[in-house]
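Some notes on the structure that comes next.
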Amino acid sequence: MAYWLFKSEPDTFGIDDLAARPEQTEPWDGVRNYQARNFMRDDVKVGDKLFFYHSSCKDVGIAGVAEITQAAYADPSQFNPESKYFDPKASPDNPRWVCVNVTFVEKFKRVLPLAKIKTMPEITELGVVKKGHRLSIMPVQPEEWDALYQAAKG
DNA sequence: GCCAACGTTGGC
DNA sequence: GCCAACGTTGGC
């Protein structure tokens with residue numbers, strides 16, 4: 001089992017929105033970055049856990065935990081001309097983009113702020129603390145996961 | 001809203 | 001394949 005960090009803007013879709021979904025499950029669609037896609041396509045597996053990270057908002061940081069409940073499949077929004085994620089170069093025969101399903105696990109009482117994460121000595125590899133790293137999906141090392149989880153619960 | 005740091009596009 | 005221009009992300 002692997003650990004991940006997924007970013008989302010809570011004004012669009014936050015951890016409360018995930019918790020309110022039927023089955024508390026939602027397709028993580030709209031990823032249009034190749035590196036992030038490759039993580040989803042090749043490495044994200046059912047049972048993996050992820051930190052739900054809130055970006056571009058008042059309380060930037062890790063808001064809770066979710067779990068992967070379906071591995072990569074073609075992201076339907078790429079075929080839909082009405083969608084803002086429509087990709088004219090993608091076709092059902094030859095899809096470019098994938099999504100996975102994520103299911104709510106828990107919401108932290110308080111968001112673990114990015115500013116706090118940056119002060120943690122254990123956290124050196126995580127993309128969000130590296131300058132200018134803008135990936136929306138990134139791996140989290142097990143030791144980093146443990147340290148972050150403890151900090152969030154503590 | 002600013003701006004740095006990327007990623008993508010397209011002309012050559 | 002290079003690289004300038006452009007668009008986007010995301011913290012502050």
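Coordinate-derived values only; no laboratory data. Everything numeric here is computed off the predicted structure, so don't read it as measured data. When we count neighbours, we look across all protein chains shown, and the Cβ atoms used for this are built from the backbone with ideal geometry, even at glycine.
Couple of notes before you dig in:
- Sparsely packed loop sites in region A:78-154 (the chymotrypsin sites (Phe, Trp or Tyr not before Pro) outside DSSP H, G, I, E and B with at most 13 other Cβ atoms within 10 Å) comprise A:Phe86.
- Three-way shape label, chain A, alpha-carbon gyration tensor, a/c 1.5: prolate
- Qualifying GluC sites (Glu not before Pro) for region A:51-108 [loop in DSSP, other Cβ within 10 Å: at most 11]: A:Glu82
- Shape category assigned to region A:4-80 from the gyration tensor of Cα positions, a/c cut at 1.5: rounded
- Its relative contact order, with pairs defined as Cα atoms under 8 Å and 6+ residues apart, puts region A:3-153 at 29 percent.
- Region A:11-51 shape via C-alpha gyration tensor axes, a/c threshold 1.5: oblate
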